[in-house]
1. Along Cα→Cβ, 7 Å out, is where each label goes; now give me the distance between the ones at N47 and Y235 in nm to one decimal.
2. Run the reach check for K72 against lysines, Cα to Cα strictly under 29 Å, same-chain hits fewer than 8 apart removed. What comes back?
3. Within segment 203-265, list the trypsin sites (Lys or Arg not before Pro) lying in a DSSP loop whose Cβ has at most 10 other Cβ atoms in a 10 Å radius.
4. Given points 7 Å out from each Cα along the Cα-Cβ axis, report the Q152 to A70 separation in nanometres with one decimal.
5. So in segment 57-200, what percent of DSSP beta bridges are antiparallel if you round to the nearest 5?
6. Report, for the chain, the % of DSSP beta bridges that are antiparallel, rounded to 5.
7. Applying 1/(1 + (r/R0)^6) with R0 = 45 Å to the Cβ-Cβ distance of A15 and N86, what FRET efficiency is obtained, to the nearest 0.05?
8. Could you compute the FRET efficiency for A205 and D252, with r as their C-beta to C-beta distance and R0 at 45 Å, rounded to 0.05?
Amino acid sequence: MRKVIFDCDNTFGLANRDVDDGLTLFYLLGAPTIELLGVTLTYGNGNIEETEKMTQTIQTRLQLSFDYYANKQAEFLVEQVNQFPNEITVLATGALTNLFAAQKIDPRFFEKLREVVLMGGTVEPLVVNQRPVTELNFSCDPAAAKAVLLSQAQLTIMNGHMTAQAFFSDRELDQFLRDAEAVVDRQSLNWLKATLEKWILWNEATFDFHGFCNWDMTTAVYLEHPEFFSEEYYYLAKEQLGLYKGRIMLTDKSKNLVKMPKRLLAISEFNQLVIRRMVNGLRQTKIN
């Protein structure tokens, strides 16, 4: 079992805000090879008050069993890596403020992690279906992003270009909702359906496609099936001057070597796995 802490800016259920953190949470709860130690909340899709409110809502409405932290997130991170040195993987899908704060508490924090998997950053202008998209996660706190990128932790970056390929269509949504019908009550199913259909409508108006980019989900799938992704490695420049726009600066050679896949190789298999894991997460984690 891989021990995981999910550091995220969950806004699932909040109008006109992304749903992928919440879906990733379902996946993590349903993955048989993953032990979710806790969820540390950050900001990005919403402020910390909004992410706390929506995480509490998702837990209560769906009766999911997990611990989350909206205060003393860095303290929890440090406590866990010292309890389980070199065993913990952090999935970070929002502003990287909590990880930076953990390093300030324990300067050896990143040395004690098994791996950090990030969703964020770009290496060139990001365009989705011919529409320019502003990077969010790294640009929210560029100082924290720089600290994490240059930490020399075992680092994998799922950047905006690759994660935009993780397209979850309205057909896959219909399949997920049909399968979820067997494991959640009608009221919960209706809330899931309304939340996800509203997000698809927002994407239709914004990007003119019938579905959405399941950006953050790539981090969770990568843990179980790295073969779904290409295997490019890059050196990071010491001076990361573009992070206020989320831009990652690369160089020919440095001590900061990171894995940053360019392509999602198996989108159909990816989405079928995602649906199975999410349904299993909804099934297996009821609060007693």
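Just so it is clear, none of the values below were taken in a lab; they were calculated from the coordinates. Just so you know, these numbers come straight off a predicted model, no measurement behind them. We place every Cβ from the backbone using ideal geometry, glycine too, and count neighbours over all the protein chains shown.
1. Those two pseudo-labels are separated by 4.3 nm.
2. K3, K53, K104, K112, K146, K245, K286
3. Within segment 203-265, the qualifying trypsin sites (Lys or Arg not before Pro) (loop, at most 10 other Cβ atoms within 10 Å) are K253, K255.
4. Computed distance between label sites Q152 and A70 equals 3.8 nm.
5. Bridges in segment 57-200 are about 25 percent antiparallel.
6. 35
7. Result of the calculation: an efficiency of 0.60.
8. 0.60
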